[in-house]
């Protein structure tokens with residue numbers, strides 16, 4: 001993964017300041033919420049408790065102060081994505097963290113893939129059947145990464161903990177967070193049922209991604225591709241959407257990068273207006289695995 005020299009110099013300067021006694025960027029205790037001048041981190045649960053043998057949905061909610069951002073799993077031209085590590089009681093199991101789709105954030109001749117405003121990272125915890133109603137169990141998450149603004153980058157790390165009771169009946173939803181969880185799910189990439197995607201690698205170092213919608217549907221007006229593999233495409237290069245014409249489907253043209261993604265381009269396609277009718281109307285992104293042919 002490439003990380004620009006300027007960012008690493010800023011990170012190095014911050015680390016030296018910490019070593020000199022400037023103090024940690026984030027508190028290292030075990031609250032469920034930590035806030036600094038750059039970000040607020042919260043570990044939240046969709047339910048007020050947990051039931052034996054049932055799944056529990058939790059989330060890490062990041063709220064960025066104005067001018068600051070964090071990075072997607074592929075940060076684009078530069079940056080460092082956050083990492084999430086669970087510490088769970090015996091018998092509990094955590095699924096994969098689900099990442100909301102990113103946006104393109106241009107600046108200083110680069111384009112990064114990341115988040116401004118806020119982002120909710122969801123995860124399902126499987127509660128073992130052996131837990132007993134009346135018990136209380138704690139879920140810990142350690143999160144670290146890089147926060148950047150237009151002129152500074154700061155590494156961060158924090159340990160957050162959430163303690164919930166075990167209930168005999170399915171626990172009630174925590175009404176404080178229902179809107180947030182609904183919005184968070186809306187920002188997860190969907191599955192594009194009925195859509196056909198094909199990519200052609202051309203001699204001019206482009207990928208031409210043909211997008212064919214199901215009958216009666218149309219391609220969103222603005223489309224961007226975010227690959228899972230770093231350097232599969234050039235993040236700062238323009239992405240051009242050619243409308244359908246004369247039997248040719250709509251085609252997204254992106255510039256190839258240094259990395260070979262293999263026989264498929266895997267990533268996320270975002271589109272203004274969503275991808276098709278219910279159940280994915282209004283979804284801002286879909287996850288795709290696009291076969292590649294070379295011309």
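Values in this text are rule-based calculations from the coordinates and carry no lab data. No experiment lies behind these values; they were computed from the predicted model shown. All Cβ positions, even for glycine, are placed from backbone atoms using ideal geometry, and neighbour counts span all protein chains on display.
Here are the numbers:
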read-out: Folded to 0 to 90 degrees: helix 5-17 orientation relative to the chain principal axis, Cα; value: 10 degrees
read-out: Mean separation of Cα contacts under 8 Å (6+ apart) over length of the stretch 196-252, as relative contact order %; value: 33 percent
read-out: Relative contact order (percent, whole number), the chain, Cα cutoff 8 Å, 6+ residue spacing; value: 19 percent
read-out: Ellipticity estimate at 222 nm from DSSP helix runs (n ≥ 4, -39,500 (n - 2.57)) divided over the chain, nearest 500; value: -2500 deg cm²/dmol
read-out: Linear extension gain, residue 212 paired with residue 287, 0.36 nm per residue minus alpha-carbon span; value: 25.5 nm
read-out: Order of 40, 256 - criterion: other Cβ atoms within 10 Å of each residue's Cβ, fewest first; value: 40, 256
read-out: Theoretical FRET efficiency, 1/(1+(r/R0)^6), r = Cβ-Cβ of residue 202 and residue 96, R0 45 Å, to 0.05; value: 0.85
read-out: Neighbour-count ranking [beta-carbon atoms within 10 angstrom, fewest first] of 45, 149, 130, 218; value: 130, 218, 149, 45
read-out: Residue order, fewest to most beta carbons within 10 Å, for 153, 123; value: 123, 153
